[in-house]
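Below is one structure, written out as structure tokens, with a few remarks after it.
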Amino acid sequence: MHEERGATILKSGAGIFLTDADGHRVLDGFSGLWCVNIGYGQQSVVAAAAEQMARLPYATGYFHFSNEPAIELAAKLADRAPGDLKHVFFSQGGSDAIDSAIRLIRYYFNITGRPSKKHMIAVDRGYHGSSSIGAGITGLPAFHANFDAPEPTQHHIPAAYPYRFDGDDASLISRSVRDLQTMVETLGPDNVAAFFAEPVIGSGGVIIPPDGWYRAMAATCRDLDILFVADEVITAFGRTGPLFGSNHDDVAPDLMTLAKGLTSGYAPMGALLVSDRIYRAIADRTPSGAIIGHGQTYSGHPVSAAVGLEVLRLYEEGGIIANGRSSGEYLARALAPLRSHPLVGNLRLRGLLAGIEIVTDKRTKTRPDPSLGLPEALARIGYANGLVFRAFGDAMIGIAPPLIITTAEIDILVERLSRTLDAALEIAEVRAALDSRPR
């Protein structure tokens with residue numbers, strides 16, 4: 001399809017807008033790929049990268065070497081992270097941060113004398129990267145098909161999906177807890193190592209669990225003696241309001257993965273945060289002088305770390321996270337009228353992260369038939385209207401604009417999105433699908 005369609009070549013960006021090779025200017029309603037939280041063209045970040053590149057463009061983390069930006073960024077992350085997440089291993093992105101989590105979880109249980117604890121559980125719409133091992137923790141079928149994933153030690157339970165659950169929030173939380181308990185019981189408590197979850201499901205359709213769900217799942221993990229891994233690759237750094245999505249339910253995970261907003265996409269970098277308890281067990285039980293065989297050439301890259309430090313400064317001292325909170329409240333009000341649109345079955349938001357579920361029958365919550373090609377049509381029409389958003393394959397729209405977005409720019413976003421939905425409604429096949437609804 002990509003070869004048939006051809007690439008849309010992006011040439012420049014400023015603020016929340018992108019311009020392509022044809023001169024078409026669009027509002028980036030998806031922050032690149034959930035990552036350009038500070039917007040485009042932040043010159044202080046460019047200067048920080050250039051200064052670091054001129055001074056020390058690379059430093060290995062092997063052989064007891066390190067570099068100042070990586071040390072300083074690790075300290076700032078550890079200082080701000082919930083609970084005792086005091087140790088940081090830097091990666092190049094989210095997928096290899098997940099890989100690092102899986103490897104260290106295995107190492108932790110082996111070194112503490114519980115080698116049978118190898119099984120890991122996630123939710124069936126969760127996304128945890130597309131690496132050879134992380135793709136199996138991911139719950140989306142497209143990342144499994146023809147890749148021999150998931151592995152026999154990787155399992156999934158149903159996501160907490162309020163729109164498609166017949167019951168109240170308390171019942172949904174209780175069901176998720178039971179699902180996790182049942183899976184652990186089925187596999188055997190001595191065989192299960194960890195549970196992975198995003199505070200808000202991202203690539204699975206911006207699915208927002210009920211308040212208290214994350215806390216309940218973390219507590220269940222403690223009761224079951226399994227580790228709770230918070231995948232905050234999308235949700236951290238103000239995307240859902242607070243600095244970390246886990247803060248919403250006041251959860252302190254055992255491990256946390258970060259990327260995307262860590263450098264706002266200006267340079268590749270991810271991170272795995274490890275609790276002091278897990279770190280100490282690994283450090284104290286590994287024989288002196290033994291090598292823990294995990295590392296990466298670009299871990300703690302000084303240029304990426306310098307970028308991350310300046311991005312963090314802009315989040316806090318520059319008021320970007322504060323702006324994201326207020327703009328998120330305004331976005332919720334601005335999007336609210338779309339609930340009455342004939343194609344909108346569900347609208348859900350947390351901070352500057354929104355999901356719109358498209359249906360052809362609001363009463364039965366019927367998804368559009370794939371033969372309609374509605375996601376592709378929505379993306380094409382939206383781009384022509386000057387708006388980029390995520391059009392998921394099962395007809396959901398993802399909205400995640402840069403945290404610098406103003407209320408006036410939100411009005412532009414919503415107007416262009418409304419126009420896009422109206423245009424999709426005029427597609428003959430889509431209109432026919434709506435007109436064929438039982439009366």
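Protein heavy-atom accessible surface, 1.4 Å probe, per residue over the chain: 42 Å². Adding -39500 (n - 2.57) for every DSSP H run of four residues or longer, then dividing by how many residues the chain holds, sets the calculated 222 nm ellipticity at -11500 deg cm²/dmol. Ignoring ligands, DNA and RNA, what percent of the 1.4 Å accessible area of the range 229-351 is carbon and sulfur? After summing per-atom areas, the C and S share lands at 50 percent. Please state the shape class of the range 79-144: rounded when a/c is under 1.5, otherwise prolate if a/b exceeds b/c and oblate if not, all from the C-alpha gyration tensor. Oblate. Considering only beta bridges that DSSP places wholly inside the chain, some 65 percent are antiparallel. Would you tally the net charge around Val36, using a Cβ to Cβ cut-off of less than 15 Å, leaving Val36 out, and scoring K and R as +1, D and E as -1? Once positives and negatives cancel, what remains is 0.
Given +1 at the Cβ of Lys and Arg, -1 at the Cβ of Asp and Glu and no other charges, the dipole of the range 1-127 around its Cα centre is 600 debye to the nearest 20.
Can you tell me the length gained on complete extension of the stretch Ile427 to Gln43, counting 0.36 nm per residue apart and subtracting the Cα distance? Walk me through the numbers on the way to the answer.
Values: separation 384, 0.36 × 384 = 138.24 nm, distance 4.30 nm.
Extra length available between Ile427 and Gln43 comes to 133.9 nm.
What shape does the chain have by the C-alpha gyration tensor, where a ≥ b ≥ c are the square roots of the eigenvalues, rounded means a/c under 1.5, and otherwise prolate means a/b greater than b/c and oblate the rest?
Oblate, because a/c is 1.5 or more while a/b does not exceed b/c.
If R0 is 41 Å, the Cβ-Cβ spacing of Arg164 and Leu10 corresponds to a FRET efficiency of close to 0.70. Simple spin-label estimate for Thr364 and Phe147 gives 3.3 nm between the two label positions (7 Å along the Cα-to-Cβ direction from each Cα). For the peptides 191-203, 124-136, residues were scored by their other Cβ atoms within 10 Å and the scores averaged per peptide; the highest-first order is 191-203, 124-136. Helix by helix through the chain, keep the DSSP H runs that span 20 Å or more along the axis on Cα and average at least 0.5 on Kyte-Doolittle, and give those back in order. Sorted by number, the helices that extend far enough and score high enough are 302-316. Considering only alpha-carbon pairs that sit under 8 angstrom and 6 or more positions apart, the relative contact order computed for the range 241-320 is 30 percent.
Each 10 Å bin, from zero up to the one with the longest distance, holds this percent of the alpha carbon pairs of the range 194-263: 22, 57, 20, 1.
The peptide list 67-79, 418-430, put in order of mean Cβ contacts within 10 Å with the highest first, becomes 67-79, 418-430. Between Ser326 and Ala78, the distance separating the two model label sites (each 7 Å from Cα on the Cα→Cβ line) works out to 3.5 nm.
Its relative contact order, with pairs defined as Cα atoms under 8 Å and 6+ residues apart, puts the chain at 21 percent.
The values are calculated or read from the model by the stated rules, or taken from the named source; none is laboratory data. Remember, predicted model here, so these are calculated numbers, not experimental data. All Cβ positions, glycine included, derive from the backbone under ideal geometry; neighbour counts span all protein chains shown. Ligands, DNA and RNA are excluded from the accessible area calculation, which covers all protein heavy atoms including side chains. Shrake-Rupley method; radii C 1.70, N 1.55, O 1.52, S 1.80 Å.
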